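Let me begin by presenting the structure, written as structure tokens, before commenting on it.
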Ligand code: SAM
Ligand code: SF4
């Protein structure tokens, strides 16, 4: 289905939990997240049912399983098995538990993964995640993804002033050695974040100073893909600098069953309450269509939390 700006909305991001085993400084407060009643969180069967209905409404091209950290949700493999027959199913993870789950996720129908890494230095990774995470752990996660054919692996780095800015060119080189696609994300000033923003132009300047000028070669979803003079590809996702909204085909389902047409806020639809109060499938499908018609073109960031809505 197309929205009122002519965008075909066919990409659903499903946050399966608001919990996480890390406490990234740009995402969650150090003390963790406010307690949410267990009963407020969608059960796995509810996620599967709602995903199926949203697919009926929109003929989804892709479903991304995210969180919080999706691999801390019990039953994650059976959820992937339940939704993957609908359409291409992928996951964004911090990678910490990926070695344990990669083979089963692949057998359950997962196509590929995006893994987060914000530095190549253990002390910086620990500072960012507020947990004892090392580069070696993340490299093992990438290896597990690759060995289990969860390809191509993309890695996401949120660029933070005075934290990992200064390492970006080295990360591009590292990603080439690891045979993964490096993507830098502009930090968004969300609730819970305690970081400073580095704009797209500054990200590009830093990389070009080391690797030669970077030429824009393509747009892949919300990522602008560049190639350096030295022939290395990398991406930049610039929610703050802008330009993403025109290509945004996304909808988000939160762990509490709210369907959000835009990361930056605006109207939402409580599908959990509709489902639990016995709404008919046709009523839910109609409500999804009505919500798409109201998807905004550019909202202001802030006031929402990544761990709640799944990044
Ligand atoms: N826990 C998983 C992970 O970290 O990959 C999945 C959930 S996380 C919320 C999804 C994505 O959102 C990650 O790539 C993360 O880096 C990104 N993210 C979180 N907070 C952000 C912020 N304030 N600005 C930009 N990206 C952010
Ligand atoms: Fe957890 Fe991902 Fe948020 Fe980091 S970015 S705290 S790993 S949900």
Quick one: pull the percentage of alpha-carbon pairs in the range 165-266 with a separation above 17 Å. 57 percent
Contact order normalised by residue count of the chain, Cα under 8 Å, 6+ apart, percent: 23 percent
Quick one: Debye curve from the C-alpha atoms of the range 17-89, no solvent, what's log10 I(q)/I(0) at q = 0.12, 0.16, 0.22 Å⁻¹? -0.39, -0.66, -1.02
Rh by Kirkwood over Cα pairs, then Stokes-Einstein D for the range 20-173 at 0.692 mPa s and 37 °C, µm²/s: 197 µm²/s
Can you give me the distance in nm between label points at residue 30 and residue 8, each placed 7 Å from the Cα along the Cα-to-Cβ direction? 4.8 nm
Please give the calculated 222 nm ellipticity per residue for the chain, where each DSSP H segment of at least 4 residues contributes -39500 (n - 2.57) and the sum is spread over every residue; nearest 500 deg cm²/dmol? -9500 deg cm²/dmol
Most mobile of 245, 157, 27 in a GNM of the chain (Cα contacts under 10 Å): 245
Taking the alpha-carbon centroid of each part, what is the distance from the range 88-130 to the range 142-216 in angstrom? 15 Å
A correct Stokes-Einstein calculation for the range 128-188, using the alpha-carbon Kirkwood radius, 4 °C and 1.567 mPa s, returns a whole-number D in µm² s⁻¹ of 103 µm²/s
For the chain, what ratio Rg/Rh do Cα atoms give with a Kirkwood hydrodynamic radius? 0.95
Please give the FRET efficiency for residue 37 paired with residue 218, using the beta carbon to beta carbon distance and R0 = 35 Å, rounded to the nearest 0.05. 0.20
Which peptide among 205-213, 142-150 comes first, and what is the full order, when sorted by highest mean count of other Cβ atoms within 10 Å? 142-150, 205-213
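Read the figures in this text as sums done on the coordinates, not as results from a lab. Values in this document were obtained by computation on a predicted structure and should not be read as measured data. No Cβ is skipped: glycine too gets one built from the backbone with ideal geometry, and neighbour counts run over all protein chains shown.
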